[in-house]
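Chemist: I am attaching a structure below and will ask some questions about it afterwards.
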Amino acid sequence: MTSQPAPETPDAAAAASEPEWWDDPALPWKHKPGRADLICMSALSVVAIYALVMLPLRPIILGLAPHLLGSLGYRTGLVLVGALAAVGDRWWPLVLVVGSLMAMKFDWVYWWAGKLWGRNIMDVWSANKSERTQRRWEKIWNGARRFETLAIFVTFLPIPIPAGVVYAALGAAGTRLWKFLAVCFGSALLTTAGYMALGYWIGEPAVQVVDTYGRYLWYLSIAILVGMFAVFWYRQRGAQQQASTEDR
């Protein structure tokens, strides 16, 4: 006599129908993530945290240690180091090399994200953007794949281009990592030299401006922090209001 299988309980059926944690449209993968997926996502999180931490710190570093800010690849620091070189500072060659390397420090993370997840990563980034922004990013994604080297160079210019979208597009397109990094370094070196040359051309007036600015840098950093918290509070409030409206 054959035994009949035990009937499936409602709780078991519900558990079986629930999607896995990784099967979320807000995540870039469409499969159970492996080690590379998790490491890359963690790296993207580190990049985001670094950007947030540096936002209020940059004014302080500019006033107290411009060579450090320039060595981290920030344009304002590079311009000031060039201005200091015009009045006799001799550290600019080191800042030129280190600043060029640091200007591209996170580029490989976005390239890797594109290589791992393809177009999915841009869809995640643009999910909450306006339709106009989504169309613009679509053009940038396609243009980056078409104008590979030029697209990389443009991201190092003071132009509002989402560099992460460009780099992810190239990773998805199959651009080799060594070529990608070589073009990034060449572009970073050229533009870094340009920012320092601009500072050298301005010269002593730029140094005097920063000396005056140094008296107020703490106030600027505090204002940036207050602005960050205000934006966070406003977005949280908007999300709570939207959630309460949907529950009605």
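Chemist: Can you give me the solvent accessible area of T133 with a 1.4 Å probe, rounded to the nearest 10 Å²?
Modeler: Spelled out: T133, probe radius 1.4 Å, area about 40 Å².
Chemist: When the solvent-accessible surface of protein heavy atoms is calculated with a 1.4 angstrom probe, in what order do L27, L80 fall, highest first?
Modeler: Correct descending sequence by accessible area is L27, L80.
Chemist: Hey, if we sort D107, D24, D89 by accessible area with the 1.4 Å probe, largest down, what's the order?
Modeler: D24, D89, D107
Chemist: Hey, another quick one. With every protein chain left in place, what is the accessible area per residue of region 90-182 in square angstrom, probe 1.4 Å?
Modeler: That works out to 57 Å² for each residue.
Chemist: Among E131, E204, what's the order by accessible area (1.4 angstrom probe), most exposed first?
Modeler: E131, E204
The values are calculated or read from the model by the stated rules, or taken from the named source; none is laboratory data. Source: prediction; values computed, not measured. For accessibility, only protein heavy atoms count, side chains too; no ligands or nucleic acids. Shrake-Rupley method; radii C 1.70, N 1.55, O 1.52, S 1.80 Å.
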